[in-house]
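Enquirer: Take a look at the following structure, please.
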Amino acid sequence: MMSPILKMEEIQNISARCREMGADTILQAKNQDEREKIWQARRQISLSIHDWAALYISEDVVVPIAAIADLVNRLSFFEDRYGIKIFAFGHAGDGNIHLNITAPSKNSMDRVNSGVKALLEQVLALGGTISGEHGIGLAKRQYFQWKFLWKVLPCKRESKHFLTPTTSSFREKFLSKLEF
């Protein structure tokens, strides 16, 4: 466990680096009440973006810490190419990045999905993974193979029960749509 002195030194180093990179404001909670207020604001980010956008897709990706800047710097390319707006925030300490991908119209779903696919391919090219803390669910079913198939499924072609031996609805909704 890190000592309070080392934690403070690390916080100061991170703050100094953020200022070097152009941060104009750094919020540092002085107590538990302030920490909770910051977390409350953080929890509202996705909800506010969702309410603002006509089309909203949330992605949860992870890249190596050294590749975070590369990913963030490339987001404007995807915005320009696919006519989307991407809001990125996350856990810089572990490479987990929340991408809130939006568009001004629901009529642009095909173009937006193409952008999401290209963005996820970029994450993989940076040595990352298409799913962080929120896992693979129905929304990412079509990309499941990108994350796991090359390692796991060739050994398990005969048994779809290896992921969830007790819930047939998961097998029906999720695994039945995969191509083996």
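Enquirer: Work out from phi, with θ = phi - 60° and the Karplus expression 6.51 cos²θ - 1.76 cosθ + 1.60, the ³J(HN,Hα) of each residue of the stretch 63-75, listed in order in whole Hz, and give x for Gly and Pro.
Expert: Listing the rounded values in order: 10, x, 3, 5, 9, 4, 4, 4, 4, 4, 5, 8, 4 Hz.
Enquirer: Would you kindly find the accessible area of residue 21, with a 1.4 Å probe and non-protein molecules such as ligands, DNA and RNA excluded, rounding to the nearest 10 Å²?
Expert: 130 Å²
Enquirer: With every protein chain present, what accessible area does residue 91 have (1.4 Å probe, heavy atoms only), rounded to the nearest 10 Å²?
Expert: Answer for residue 91: close to 60 Å² accessible.
Enquirer: May I pose another question? Residue-wise, which Karplus ³J(HN,Hα) couplings in Hz belong to the stretch 7-18, taking 6.51 cos²θ - 1.76 cosθ + 1.60, θ = phi - 60°, and x for glycine or proline?
Expert: Going residue by residue, I get 4, 5, 4, 5, 4, 5, 5, 5, 4, 4, 5, 4 Hz, with x marking Gly and Pro.
Enquirer: In a shell of Cβ-Cβ distance under 13 Å around residue 64, excluding residue 64 itself, what net charge do Lys and Arg (+1) and Asp and Glu (-1) give?
Expert: Charge balance near residue 64 sits at -2.
Enquirer: Mind grabbing the accessible area of residue 124 for me, 1.4 Å probe, Å², rounded to tens?
Expert: For residue 124, solvent-accessible area is about 60 Å².
Enquirer: While we're here: Quick one: Karplus J couplings for the stretch 114-123, per residue in order, coefficients 6.51, -1.76, 1.60, θ = phi - 60°, nearest Hz, x for Gly and Pro?
Expert: 4, x, 4, 4, 5, 5, 5, 4, 5, 4
Enquirer: Using a 1.4 Å probe and counting only protein heavy atoms, arrange 131, 48 so the residue with the most accessible area comes first.
Expert: Per-residue accessible area, sorted high to low, gives 48, 131.
The values are calculated or read from the model by the stated rules, or taken from the named source; none is laboratory data. None of these values were measured; they are calculated from a predicted model. As a convention, Cβ positions derive from the backbone with ideal geometry for all residues, glycine included, and neighbour counts pool all protein chains shown. Just so you know, the surface numbers come from the protein's heavy atoms only, side chains and all, with ligands and any DNA or RNA stripped out. Shrake-Rupley method; radii C 1.70, N 1.55, O 1.52, S 1.80 Å.
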